[in-house]
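Just so it is clear, none of the values below were taken in a lab; they were calculated from the coordinates. Computed from a predicted structure; not experimentally measured. Here the Cβ positions follow ideal geometry from the backbone for every residue, glycine too, while neighbour counts run over all protein chains shown.
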Amino acid sequence: MDTLGVGLIGCGNISSIYLNNVPTFQGLELRGVSDIAPEAAKAQGAKYNVPVFTVDELLARDDIDIVINLTIPDVHLAVSMDILRVGKHVYSEKPLGIDFAEAKKMVAEADKRGLCIGCAPDTFLGAGGRLSRKLIDDGLVGDILSGTVFIMSHGHEHWHPNPGFFYKHGGGPVFDMCPYYIHALVNLLGPVKCVRSIATTGFAERTVSADGPLKGKKVAVETPTTMHALLEFISGANIMLGASWDVWAHGHLPIELYGTKGSIRVPDPNFFGGAVETLIGREDWVKHQTASMPMGALNWPLDKPDRANYRSLGIAEIAAKVRSGSPQRVSGNLALHTLEVMIAIVDGNADGTPVEIATQIPQPAVLAEDDAQALFAV
């Protein structure tokens, strides 16, 4: 099977980057979109010249092999299970789900059926993540001992027209943003061993300031919005993580890792490119550019690109695995590990003792430069 048909469920804000990028990858062809809001599906179908179906119609089509699940987080699991039951591979936006036991059953169900599950983010396989991995694996900064991660802003109500789901159970800065950072860390350091954390809520409600029908309305906050955590990795590294939507401004970099020979600054894992910075001993910081590498060039937004955004790479990985058995790095097992870590960060243990992480997975395989380039459409 040289080309796999791709369908998409959920035509909200994030769907545009997928609909733009899918055709740019090897072995993928868009064959349908759907949404519970028919007008949203019609608009995206017309914009990207893709057939529009109901959800049931899309799932029943024989020419669709992989379905992208872009629904809201608390129905990710149900929709992904529906996709698996009709014998199709699934690629879900993050998180994999919000219930760990059910997510574990879903991953097992995919294995039983011989189907692939992928789950965003796939950003860690971009140029910035690959170069960071190479520099660490090559021993440039020595063994990683510790590090810091910061994901802080004042929430999404200032830009998203319907931000309510961000503040419900399964939302908040950890479930929304930490998948990028945890995937990146597991790629660089291997799996997490245990987590200690403190969680608080800064505001009981938020006022929507983004343009739209909800502008000026109040949104109730039902999940913690500030978390401080210590992640201990099997490798021995200890990483401090701060995640908050209660911060107006800060000066922290996204990821810094501190090794026995030096330090490394990893680019923002929400995107695919960016410069990697290293410092050895007492020397100055050195920038390692990634723009000339596969998935490092600025490509988004289309009218005035200012970032590297190659979302759909994980879908191309599924296609490559189906065609040739190549490794699937953006896997269901990685997403399940990340989900367990996130739940540990948000819930923690009341007595402050560490939460042990049961899902011990191998560090994702390295994506070589030639293999990264080969994922693009010819």
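The 3J(HN,Hα) values that the Karplus relation (6.51, -1.76, 1.60; θ = phi - 60°) gives for the range 227-233 are, in residue order, 10, 10, 9, 10, 9, 9, 9 Hz. Gly and Pro appear as x.
Hydrodynamic analysis of the chain uses the Kirkwood radius over alpha carbon pairs. Inserted into Stokes-Einstein at 20 °C and 1.002 mPa s, it gives a translational diffusion coefficient of 101 µm²/s.
Hey, how many Å between the Cα centroid of the range 68-115 and the Cα centroid of the range 299-378? Each part's Cα centre sits 15 Å from the other's. Which distance in Å, rounded to a whole number, links the C-alpha centroids of the range 8-41 and the range 128-166? Going from one Cα centre to the other spans 26 Å. Each of 183, 156 was scored by other Cβ atoms within 10 Å of its Cβ. Listed from fewest to most, they are 156, 183.
Against the compact-protein benchmark of 2.2 N^0.38 Å, the Cα-based radius of gyration of the range 154-244 scales to 1.26.
Considering only the other residues whose Cβ falls under 15 Å of the Cβ of residue 315, what net charge follows from Lys and Arg at +1 and Asp and Glu at -1?
Details: positive: 31, 88, 94, 311, 321, 323, 329; negative: 29, 65, 93, 122, 317.
That sum, taken over residues with Cβ under 15 Å, equals +2.
GNM on the chain, C-alpha springs below 10 Å: top fluctuator among 36, 98, 343? So, out of 36, 98, 343, the one fluctuating most is 36. Positive contributions from Lys and Arg (+1) and negative ones from Asp and Glu (-1), summed over other residues with Cβ under 14 Å from the Cβ of residue 113, come out at 0.
How large is Rg/Rh for the range 228-299, to two decimals, with Cα atoms and a Kirkwood Rh?
Rounded to two decimals, Rg over Rh is 1.01.
Here the contact order of the range 44-105, divided by its residue count and restricted to Cα pairs under 8 Å and six or more residues apart, works out to 30 percent.
Rounded to the nearest 5, what % of the DSSP beta bridges within the chain are antiparallel ones?
Around 60 percent antiparallel, to the nearest 5.
Working note: Cα gyration tensor of the range 306-374, eigenvalues times five, square-rooted, sorted largest first, giving semi-axes of 32, 15, 10 Å. Using C-alpha pairs under 8 Å with a sequence gap of at least 6, the mean separation divided by the residue count of the range 74-207 gives a relative contact order of 24 percent. Under 5 Å from the amide H of residue 277 lie the amide H atoms of 265, 288, each residue being 5 or more positions distant or on a separate chain, with H modelled from the backbone and absent for Pro and chain starts.
Using the alpha-carbon positions of the range 53-160, Rg (one decimal) and Dmax (whole number) come out as 18.1, 53 Å. Backbone geometry of the range 12-22 corresponds, through the Karplus equation with coefficients 6.51, -1.76 and 1.60 at θ = phi - 60°, to 3J(HN,Hα) couplings of x, 4, 6, 5, 4, 5, 5, 5, 6, 8, 3 Hz, x marking Gly and Pro. Sorted fewest first by neighbouring Cβ atoms within 10 angstrom, 245, 300, 285 come out as 285, 300, 245.
Where only DSSP H runs of four or more residues are counted, the chain gives -9000 deg cm²/dmol as its mean residue ellipticity at 222 nm, each run worth -39500 (n - 2.57). The alpha carbon radius of gyration of the range 259-349, expressed as a multiple of 2.2 N^0.38 Å, is 1.42.
Relative contact order, whole percent, for the range 272-323 stands at 29, derived from Cα pairs under 8 Å and 6 or more residues apart.
Among 330, 107, 55, the largest mean-square fluctuation in a Gaussian network model of the chain, built with springs joining Cα atoms closer than 10 Å, belongs to 55. Taking a straight line from the alpha carbon of residue 218, these lysines sit under 19 Å away, with near neighbours fewer than eight places off in the same chain left out: 168. Seen from all directions on average, the range 39-112 presents a Cα convex hull projection of 5.2 nm².
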